[in-house]
Amino acid sequence: MTGLVTAVALVRPSRSLYDLEASSVKKKWKDKAFAAGTDRGEMERAAQDFGVDLWETRWNVITAMRRIAAELDLVEI
């Protein structure tokens, strides 16, 4: 999930996690050509195995990644 979130942030004009919404990740999720190397099925299975909602998890991932956005070079430019 972190790879997909990073990819979505990088194609945004701001290249930032701070203005990234979970809905943007979901929209890109549906585009199978976007981040084609991302195994969406594996993420779905992992969420199911952990008993968590996949779409709630994407927001949690964005929130967690914001804490280290500067280290990831994903802050507003």
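Across segment 56-77, what is the number of residues that are among the basic types (Lys, Arg) and over 9 Å from the mean Cα position of the chain (by Cα)? Count: 2.
Listed by position, the helices (runs of 4 or more DSSP H) contained in the chain that have at least 2 residues being open to solvent by less than 40 Å² (accessible area, probe 1.4 Å) are 2-10, 22-30, 40-50, 54-66.
Whether a residue is small (Gly, Ala, Ser), on the phi < 0 side of the Ramachandran plot and modelled with pLDDT of 95 or more was assessed, and SER16 passes this test.
In segment 1-26, the residues that are more than 14 Å from ASN60 (Cα to Cα) form Cβ pairs under 9 Å with partners that are among the polar types (S, T, N, Q) and in a helix (DSSP H, G or I), at six or more places apart or across chains, as follows: VAL8/SER24; ALA9/SER24; ARG12/SER24. Criterion applied to ALA9, ALA35, ALA70, ALA46 was being at positive phi and among the hydrophobic types (A, V, I, L, M, F, W, C), and the one residue passing it is ALA35.
The values are calculated or read from the model by the stated rules, or taken from the named source; none is laboratory data. Because the structure is predicted, anything quoted here is derived from the model rather than measured. Backbone-built Cβ (ideal geometry, glycine too); neighbour counts: all protein chains shown. These accessible areas exclude ligands, DNA and RNA; they are computed on the full protein's heavy atoms, side chains included. Shrake-Rupley method; radii C 1.70, N 1.55, O 1.52, S 1.80 Å.
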